[in-house]
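Peer 1: Could you have a look at this structure, given as structure tokens, before my questions?
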Amino acid sequence: VSLSVPYGPKILEHFRKPRNRGALPGAQVSQEGHNPLCGDRVRIELLLDGDVIADARFTANACAVCVAAASVMTELIRGAPLEDVASLTLPEVLAALEADLPSARLACARLPLTVLHTALTLHERRAAPGAG
Amino acid sequence: MSEAAGLFEALRRTERKAALATLIATQGAPPRRAGARMCVGEGGRILGSVTIGGCVDARVIEESAAVLADGRARRVAMALGDEDAWALGMTCAGTVEVLVEPVDLTRDDDPVVRAQREVAEALRAGHEVIEVAPLDGTPGRLVIHEDGATSGTLGDAALDAAAAARAGEVRGAGRSLVLDVPVGDATHALFLDLQRPPATLVIVGATHVAMPLVELARRVGYHTIVIDGRERFATRERFPEAHELRVGMPSDEVAGLPLGRATAVVLVAHDYKYDLPVLEHVLASEAGYVGLLGSVRRGRAILEHLAEGGVPAERLERVHVPIGLDIGARTPEEIALSVLAQMVAVREGRGGGSLRERKREEAATRAAERPSE
């Protein structure tokens with residue numbers, strides 16, 4: 001059994017040396033999500049500076065594709081306006097990973113993005129005027 | 001809970017008074033460790049055992065009846081005949097010493113009852129504790145806590161202080177001891193019973209191997225914790241006997257546990273997504289046993305990945321992979337048995353091989369060393 005994955009060198013490289021992995025002290029936004037069947041778990045934490053993501057980190061107990069997707073995603077969103085991040089798509093994450101994944105593995109790459117979007121939606125609700 | 005506290009709790013429902021028997025010393029290969037307890041209620045109920053049953057327990061029961069009748073503690077030394085020694089698994093005749101003392105289960109201020117309550121609380125909080133009993137028949141109990149604090153008394157402040165000063169000796173030996181403690185012109189025989197919190201088994205991966213492993217480990221006395229990221233797997237239906245079920249990020253869950261030398265961590269998810277991050281945490285801890293389900297090849301790939309990430313080689317060496325003793329295990333139940341056997345062997349500093357072969361080798365070595373006539 002090799003821990004290498006056959007979906008391109010960039011996925012392997014991000015899996016072996018993930019960027020922005022670990023807890024983010026003082027994060028204003030923290031959201032965890034999981035795939036109930038395979039058990040992949042990802043937590044995304046964000047530090048905001050107004051409407052811009054000043055810092056983003058992730059923690060994952062997940063497969064190589066999911067870890068690599070979370071890693072490259074945090075690179076994409078650091079310093080980005082919330083508005084742009086909210087419209088980030090899976091093809092953009094896959095393009096950054098230079099990966100052509102079979103459909104069976106798309107759910108693995110999608111999980112970090114789903115968690116990120118859930119985090120932003122909940123943050124927006126909390127920040128909305130009149131929110132408790 | 002301490003062994004005695006558990007016995008008291010079970011007896012208290014039907015009995016008011018009981019005799020508590022404590023194995024304090026053995027010569028020969030002991031079938032149970034010093035500190036083993038048996039309780040005999042005034043109504044005749046018997047719980048626990050100071051040996052693995054048989055003649056010694058029968059004699060202790062007789063002594064218990066006498067203790068219940070006159071309310072006086074006794075230190076009983078029993079010489080074992082060859083037949084008795086053989087029955088107990090000893091290689092030669094020897095002696096067994098047992099302290100038998102009266103306990104009033106209805107009184108919270110009974111020194112033994114109070115001490116057991118304190119011991120149970122300390123163990124529940126994960127702390128080791130030394131319970132000191134006088135062996136001269138006087139009532140009294142001193143409890144020495146991990147931080148050096150004491151509670152209760154042996155009836156004399158100077159003796160309490162002298163006993164507490166010997167705690168380091170017991171901890172150094174790693175087992176309960178009978179010590180002669182001088183105070184002034186007198187020497188007091190005391191039993192210092194080292195009691196440790198139950199060993200903990202942390203299982204990562206709520207899989208089909210984890211299920212029998214929980215059942216077997218619980219029987220052996222482990223506190224069992226099962227961790228998985230999937231709530232559909234880590235269910236009470238699948239793990240009715242687990243002490244704790246935790247669903248969440250496995251590496252977070254493990255990082256939140258005290259992983260001391262009395263903790264075994266077994267990774268049976270057979271999935272690197274859990275194995276890698278969990279091992280990073282576990283190998284930075286003092287966990288006494290670390291086992292990973294998988295082949296040699298799989299194990300090598302995972303350990304190489306961890307080495308690339310900076311985990312030092314001496315830590316990686318702690319991982320037992322493939323996991324378990326070589327007993328030809330194939331089914332989940334058999335694999336669980338081989339894992340548990342290895343956990344116990346590692347805890348006791350044994351190789352886990354055949355006892356018969358070891359004894360034969362020892363006998364052959366002794367014969368070779370014996371001077372020829």
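Peer 1: Can you tell me how many residues within the stretch B:171-183 are free of Cβ contacts under 8 Å to residues at least 24 places away in the same chain and β-branched (V, I, T)?
Peer 2: Adding up the residues that qualify gives 1.
Peer 1: Further question on the same structure: Checking B:P250 against (1) open to solvent by less than 10 Å² (accessible area, probe 1.4 Å); (2) in contact with a Pro (Cβ under 9 Å, 6 or more places away or on another chain); (3) more than 14 Å from chain A (Cβ to nearest Cβ), which single condition isn't satisfied?
Peer 2: It fails just one condition, (3).
Peer 1: A follow-up question, please. Based on this model, can you work out whether B:V204 counts as within 14 Å of chain A (Cβ to nearest Cβ), of a type in the set (A, V, I, L, M, F, W, C) and in contact (Cβ under 8 Å) with a residue 60 or more places away in the chain?
Peer 2: For B:V204, the condition - within 14 Å of chain A (Cβ to nearest Cβ), of a type in the set (A, V, I, L, M, F, W, C) and in contact (Cβ under 8 Å) with a residue 60 or more places away in the chain - is met.
Peer 1: Follow-up question, since we're still on this one. Considering B:L194, B:L159, which residue is within 28 Å of B:R218 (Cβ to Cβ) and crowded, with 19+ Cβ neighbours inside 10 Å?
Peer 2: The conditions single out B:L194.
Peer 1: A further question on this structure: Under 9 Å between Cβ atoms, at least 6 apart or on separate chains: pull out the pairs that start in the stretch B:96-115 with a residue that is closer than 15 Å to B:D193 by Cα and end on any residue that is among the acidic types (D, E) and at pLDDT 90 or above.
Peer 2: Taking only residues 6 or more apart or on different chains, the pairs are B:V112/B:E101; B:V112/B:D104; B:A115/B:E131.
Peer 1: Something else about it: Here are some residues: B:A242, B:A186, B:A165, B:A234. Which one is within 14 Å of chain A (Cβ to nearest Cβ), without any contact (Cβ under 8 Å) to a residue 60 or more places away in the chain and among the small types (G, A, S)?
Peer 2: B:A234 is the lone residue from the list that is within 14 Å of chain A (Cβ to nearest Cβ), without any contact (Cβ under 8 Å) to a residue 60 or more places away in the chain and among the small types (G, A, S).
Peer 1: Let me confirm something: among B:V119, B:V112, which residue is closer than 24 Å to B:G260 by Cβ and in a helix (DSSP H, G or I)?
Peer 2: Of B:V119, B:V112, the one residue that is closer than 24 Å to B:G260 by Cβ and in a helix (DSSP H, G or I) is B:V119.
Peer 1: For the stretch B:216-224, state whether one or more residues are free of Cβ contacts under 8 Å to residues at least 60 places away in the same chain, more than 27 Å from B:R350 (Cβ to Cβ) and part of a loop (DSSP other than H, G, I, E, B).
Peer 2: Taking every residue of the stretch B:216-224 in turn, none turns out to be free of Cβ contacts under 8 Å to residues at least 60 places away in the same chain, more than 27 Å from B:R350 (Cβ to Cβ) and part of a loop (DSSP other than H, G, I, E, B).
Peer 1: Also, quick follow-up: Given the stretch A:1-120, what strands (runs of 3 or more DSSP E) lie entirely inside it while holding 1 or more residues that are within 12 Å of chain B (Cβ to nearest Cβ), open to solvent by 50 Å² or more (accessible area, probe 1.4 Å) and within 19 Å of B:Y274 (Cβ to Cβ)?
Peer 2: A:29-34
Peer 1: Residue by residue through the stretch B:298-319, note down the ones that are surrounded by fewer than 19 Cβ atoms within 10 Å (Cβ to Cβ) and more than 14 Å from chain A (Cβ to nearest Cβ).
Peer 2: Of everything in the stretch B:298-319, those that are surrounded by fewer than 19 Cβ atoms within 10 Å (Cβ to Cβ) and more than 14 Å from chain A (Cβ to nearest Cβ) turn out to be B:P312, B:A313, B:E314, B:R315, B:L316, B:E317, B:R318.
Peer 1: Mind checking whether some residue in the stretch B:264-281 is closer than 26 Å to B:H127 by Cα and within 8 Å of chain A (Cβ to nearest Cβ)?
Peer 2: yes
Peer 1: Select from the stretch B:285-297 the residues that are within 14 Å of chain A (Cβ to nearest Cβ) and of a type in the set (A, V, I, L, M, F, W, C) and list them in ascending order.
Peer 2: Passing the criteria: B:L292, B:L293, B:V296.
Peer 1: Let me ask another. Can you work out which of the residues in the stretch B:207-229 that are open to solvent by 30 Å² or more (accessible area, probe 1.4 Å) and of a type outside the set (A, V, I, L, M, F, W, C) is nearest to the other protein chains (Cβ to nearest Cβ)?
Peer 2: Ranking the qualifying residues of the stretch B:207-229, first place goes to B:H208.
The values are calculated or read from the model by the stated rules, or taken from the named source; none is laboratory data. Predicted model, so just to flag it, every value in this text is computed and none were measured. Note that we place each Cβ from the backbone using ideal geometry, even for glycine, and neighbour counts take in every protein chain shown. Accessible surface is based on the protein model in full, side chains and every heavy atom, while ligands, DNA and RNA are left aside. Shrake-Rupley method; radii C 1.70, N 1.55, O 1.52, S 1.80 Å.
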